[in-house]
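**Q** Have a look at this one.
The values are calculated or read from the model by the stated rules, or taken from the named source; none is laboratory data. Just so it is clear, the structure is predicted and the values come from calculations on it, not from any experiment. Every residue, glycine as well, gets a Cβ built from its backbone with ideal geometry; the counts of neighbours run over all protein chains shown.
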Amino acid sequence: MTDARGAPTLFGHPRGLLVIWSTEVWDRISFHGMQALLTLYLADQLLLPANIGKVVGIHEFRAGLEFFTGPLSVKALATQIFGLYIGFVYFMPMVGAALGDALLGRRRAIILGALLMSAGHFAMAFDASFLLALLLLILGAGLLRGNLQPQVGELYDRDDRRRTVAFQIYGAAVNLGAFIAPLLTGQLAKSFGWHVGFGFAGFGMLIGLVIYTVWGRGLPSRPPALSGDKSVSDKLTTQDWRAIYFLVSLIPIASLFWVAQSQVWNTYNLWVQDHIELRFGHWEMPIPWLQSLDGLSPLFTVPFVLWVWHWQASRNREPNEFVKAAIGCFIFGLGTLWLGFAYLAYDANGRAPVLWAVVFHLVSNLGWVYFAPTMTALYSRSAPPQVSATMIGVYSLSVTLGSFISGRLGSLYEHVSPTTFWTIHAALVSFGGVLLLIVGQTVARSRRALAASGVANS
């Protein structure tokens, strides 16, 4: 079967979506495998006095951080490094997308990004090259993600309703990788050492590279603007610039969601280590295994949410993108607040059952499904075609800002109660939901006013 563009389809979607999906699965296996281990690795091994001196440049790096933050404990330094790493990983897609739009083109940018990420993961196998590894991973993620995700939107016409569904499917790839990676790297790190876990992540990225280079030749690849293709380098109109300014203005609001989400990747692991019972008889569950629930949960919640939206659409009651994203913030805030009350289930050793954390992951990921793919689809639909990849990269600035803030908030973990710590994050993400509702109502009023004006002028 073919679609309106004449492209072959699979289950009603362009077949190219399967190639992008498969590539992204392995990208996320490599990324989430690293992410699940990093804070624990830093706090429990690399930053300890006996090991920190092995890292090339770490003392200068730490001095630079402490110039702005003041003295940092081992845990505070670990959460700060993690926040900076995740923040820059999500900042660089804007740069990578701009390079793909203007200079490299989609395909070359994606291949170069995958190579850099693979090198970064393998560099993590050595303590001395830790900072170099982070740099390679950051640069590679920028090129790969800044150009792979926009290819999803380019498979569809701008008004094609399948676009939002496609980003949900793409999000399922993200979450499948997030499910598999912590299980594998967590067990490898526990059984054979941290560096083996990091090395596996590198091989995962190489598999993603092979999939893309072999089967991705037919994917849409916007040529670089500097190649002289006038259709790409058309000047932006006044209306285009208004859309860009509006999308940029949403970044601080969206970042409130990512403050809480980033903390789940970061300080949450230390909280689990301190407050969740992971021992079952003589066996102790690796902490990163809980992170795998972030990937497993949406595989069940995405079909449910899509069914709800379809049911609402059949009755002309489907919420707009702003309402969907706001609902996601409120649900995520509820899940984060749940963590703050884990003390209600503490045993004699001050630990809550692992089921408490499982409930959190189920609830928070329902919020993620409502928020994250919806916001990506909003940017893909609203951005001018000439800079579509760049604007999706701009959206990643919200994750950057949220990660930077979560890194700083992580330093509170040793100074306030867990209830206070998680309530702060629940309040921030819920406030983001309130702001999105206000913005959505403002946009709706503006559209109604323009429509009424058009009718009056006619």
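**Q** Report every pair of residues separated by at least 6 positions or lying on different chains whose Cβ atoms are under 6 Å apart, first residue within region 281-300 and closer than 20 Å to THR267 by Cα and of a type outside the set (Asp, Glu), second at pLDDT 85 or above and part of a loop (DSSP other than H, G, I, E, B).
**A** If the second residue must be at pLDDT 85 or above and part of a loop (DSSP other than H, G, I, E, B), the pairs left are MET285/LEU278.
**Q** Also, quick follow-up: Scan region 74-98 for residues that are closer than 19 Å to VAL152 by Cβ and surrounded by fewer than 24 Cβ atoms within 10 Å (Cβ to Cβ) and jot them down.
**A** Passing the criteria: MET94, ALA98.
**Q** When you scan region 172-180, do you find a residue that is polar (S, T, N, Q), modelled with pLDDT under 70, part of a helix (DSSP H, G or I) and under 17 Å from the mean Cα position of the chain (by Cα), even just one?
**A** No.
**Q** What single numbered condition from (1) surrounded by 13 or more Cβ atoms within 10 Å (Cβ to Cβ); (2) modelled with pLDDT of 85 or more; (3) not aliphatic (A, V, I, L, M) fails to hold for ARG317?
**A** (1)
Table: residues versus (1) among the β-branched types (Val, Ile, Thr); (2) under 28 Å from GLN273 (Cβ atoms); (3) not in a helix (DSSP H, G or I).
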| site | (1), (2), (3) |
| --- | --- |
| ARG28 | no, yes, no |
| LEU38 | no, yes, no |
| LEU42 | no, yes, no |
| GLY53 | no, yes, no |
| ILE81 | yes, yes, no |
| TYR85 | no, yes, no |
| MET94 | no, no, no |
| ASP101 | no, no, no |
| ILE111 | yes, no, no |
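**Q** Taking PRO319 as meeting all but one of (1) outside any loop (DSSP other than H, G, I, E, B); (2) more than 16 Å from ALA243 (Cβ to Cβ), write down the number of the exception.
**A** (1)
**Q** Can you find, within region 348-386, the residue that is surrounded by the fewest Cβ atoms within 10 Å (Cβ to Cβ) among those that are at pLDDT 90 or above and not in a helix (DSSP H, G or I)?
**A** In this case the residue turns out to be PRO353.
**Q** Aromatic (Phe, Trp, Tyr) and more than 22 Å from TYR395 (Cβ to Cβ): is that true of PHE68 in this structure?
**A** Yes, satisfied.
**Q** Criterion first (modelled with pLDDT under 85 and in a helix (DSSP H, G or I)) does SER221 satisfy it?
**A** Judged against the criteria, SER221 is not a match.
**Q** I'd like the residue in region 104-118 that is within 26 Å of VAL55 (Cβ to Cβ) and touching a residue at least 60 places away in the same chain (Cβ under 8 Å) and, out of all such residues, is surrounded by the most Cβ atoms within 10 Å (Cβ to Cβ).
**A** MET117
**Q** Residue by residue through region 113-130, note down the ones that are in a helix (DSSP H, G or I) and in contact with a helix residue (DSSP H, G or I) (Cβ under 6 Å, 6 or more places away or on another chain).
**A** Passing the criteria: GLY113, ALA114, LEU116, MET117, SER118, ALA119, GLY120, HIS121, PHE122, ALA123.
**Q** Outside any helix (DSSP H, G or I) and free of Cβ contacts under 8 Å to residues at least 60 places away in the same chain: is that true of LEU77 in this structure?
**A** No; evaluated as a whole, the condition is false for this residue.
**Q** PRO71 is checked against (1) assigned to a helix (DSSP H, G or I); (2) surrounded by fewer than 17 Cβ atoms within 10 Å (Cβ to Cβ); (3) not aromatic (Phe, Trp, Tyr) and fails just one. What number does that condition carry?
**A** (1)
**Q** What single numbered condition from (1) out of contact with any Lys or Arg (no Cβ under 9 Å at 6 or more places or on another chain); (2) surrounded by fewer than 19 Cβ atoms within 10 Å (Cβ to Cβ); (3) part of a helix (DSSP H, G or I); (4) at pLDDT below 95 fails to hold for LEU334?
**A** The number of the failed condition is (4).
**Q** Another one. Are any residues in region 36-51 among the hydrophobic types (A, V, I, L, M, F, W, C) and under 12 Å from ALA189 (Cα atoms), and if so, which ones?
**A** ALA36, LEU37, LEU38, LEU40
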